[in-house]
1. Just which residues of segment A:354-375 lose 30 Å² or more accessible area with every protein chain there, against their chain alone, with the probe set to 1.4 Å?
2. Nearest 5 is fine: what % of DSSP beta bridges in chain A come out antiparallel, could you say?
3. Roughly speaking, what is the centre-to-centre gap between segment A:39-61 and segment A:301-350 when only Cα atoms are used, to the nearest Å?
4. Can you tell me which lysines have their Cα less than 20 Å from the Cα of A:K332? Leave out same-chain residues fewer than eight positions away.
5. Let me have the 222 nm mean residue ellipticity of chain A computed from DSSP H runs of 4+ only, each contributing -39500 (n - 2.57), with the sum over all residues rounded to the nearest 500.
6. Can you find, among A:A270, A:C227, A:V70, the residue farthest towards the positive end of the dipole of segment A:59-320? Put +1 on the C-beta of Lys and Arg, -1 on that of Asp and Glu.
7. Below 10 angstrom from the Cβ of A:A297, what's the summed charge of the other residues (Lys, Arg +1; Asp, Glu -1)?
8. Treat each spin label as a single point 7 Å out from the Cα along the C-beta direction, and report the B:H37 to A:E333 distance in nm.
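The values are calculated or read from the model by the stated rules, or taken from the named source; none is laboratory data. Just so it is clear, the model here is predicted, and its values are computed rather than measured. Neighbour counts are summed over all protein chains in view; Cβ atoms, including those assigned to glycine, are modelled from backbone coordinates with ideal geometry. For accessibility, only protein heavy atoms count, side chains too; no ligands or nucleic acids. Shrake-Rupley method; radii C 1.70, N 1.55, O 1.52, S 1.80 Å.
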Amino acid sequence: MTTIAIPAGMPQYDDMPRFDVERVRADFPILDREVNGHPLVYLDSANTSHKPRQVLDVLAGHYAQHNANVSRSVHTLGTEATEAYEGARAKIATFVNAPSVDEVVFTKNSTEAINLVAYAFSNASLRADADSRFRLGPGDEVVISEMEHHSNIVPWQLLCERTGATLRWFSVTENGRLDESNLDELVTERTKIVSLVHMSNILGTVNATSRITARVREVGALLLLDCSQSVPHLPVDVVDLDADFIVFTGHKMCGPTGIGVLWGRAELLAAMPPVFGGGSMIETVTMQRSTFAAPPARFEAGTPPIAEAVALGAAVDYLTGIGMRAIQWHEKEITAYALDALASVPGLRIFGPTVPVGRGGTISFALGDIHPHDVGQVLDALGVQVRVGHHCARPVCVRYGVPATTRASFYLYTTTGEIDALVRGLEQVRKVFG
Amino acid sequence: MQLDGLYQDIILDHYKHPQGRGLRDCADPQARVAEAHHVNPTCGDEVTVRVATDGSVLTDVSYDGMGCSISQASASVLHELLHGRAVADAFGVHEAFVELMSGRGQVTPDEDVLGDGVAFAGVARYPARVKCALLPWMAFKDAAARAGVGASPEVKA
């Protein structure tokens, strides 16, 4: 018998970090419930993730013990609330390896974070003395892709309408990859910002960004990455990515709704004009005019979602405790299993990469001509929760000539047993509509 | 499975064998013809309904579209119930169908009025699907209004 040793320096598969999925599942109270008389099979984490007890306890505990407004009180509760809020900011900075905690701006969600950047461009474009990197006008270009969520399309369309700039975009290949073949024609000296999805919420594709980053640097543009689907599922390091801005949202990463993050390079945030005006974002106010606080406060007008931010800090602690590499590896195994299992279903067509490489645990598919609404309804009757529709990425559906898709998406608590339940459910769908 | 209330055989039958599908031209040059295209933005379902009328009778109600079984079967039932009907009757049926779908499953449909439309009683218990069932009916209402036989007081009376 021959044994093959993996040479030193090559990936040693035994070294992959692992965790006990059943123990993780025990942290999520909702996973115990039934749906329509069946155990819950939740395959919609790309939509929103569930929350572990550790996060729910911190959320309730904040209101029960430390509730006060932040950044404006000298009293004890105010100090505790401020420390908890700023402590969460620090945890999130560490989580994405931000060089400075002041580079983390709390927003409502990714959508608000992208709009914040787009409106900063808009406001800068109205002022001759604004930093030229943020000034847009006719002849300037904004580049996105056909793979974007609507939240990374519409704000840029509106920005281009307001400023007279031109919107351009990367296409998607038949296999669900970003078509970079015309990179040099698309990203040019006219480009002011490139805003791309890191991991597609519909195709599951994880975009390799290094070639694009190099080109963006060459032409002197800025790069924003929509990391809503990547930060929850794989280690994301903003220094390594060499982006200028990234956005992500708390509710997809075991945190609560109503809290999201804009990370921006300190020097860029400092050059950006304010977007929302109000309390907390000022330096001094007279009846004639105001001066503004330094980032991140400049972009956080009004009372922020304090408890939500603190709970997002707890979510980051929870994910870090399990390990993002372990979560990434678990999802890779689940995705490989699911791709194989779905390939066994007659008439099923996957949109996006069909190999578990350069993709995450989000799989969109069509089952023959059966409409996704009907697929989702039958699956729901069996307790299997998937998303159906255009997933706020209608251009992707148009690209593949379908009005909608069915999407199964996984997370750290997803099991192979749940994939089996999905496949059994699809057999039922075929029986009803076949 | 608990889906029998939703996917009645009548609905599946209309879905698999749609009645009167396809947008038709009207031979009568005097007829008033208008259409409306409606979209369900949450799922991308689409339907176009075309109404031809001489002012008192709906001489044709034709349609085309793509979408789930509920929306497409509903369009088929709409055609079956309304084409060739007097305008006033048609709006009575329309009202009864909308009432049924808004009833959260508490409305008992009248088969004499709604025909195969009674099969949609179960759909009213699935709030996420009510919009699917109503899509062709809302498009019909718009198309009829554009053809000059909208829900005006004398039509409703």
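1. A:H371, A:H373, A:D374
2. 60
3. 11
4. A:K252
5. Dividing the helical sum by the residues of chain A leaves -11500 deg cm²/dmol.
6. Ranked along the dipole, the leading option is A:V70.
7. Net charge in that neighbourhood comes out at -2.
8. 5.0
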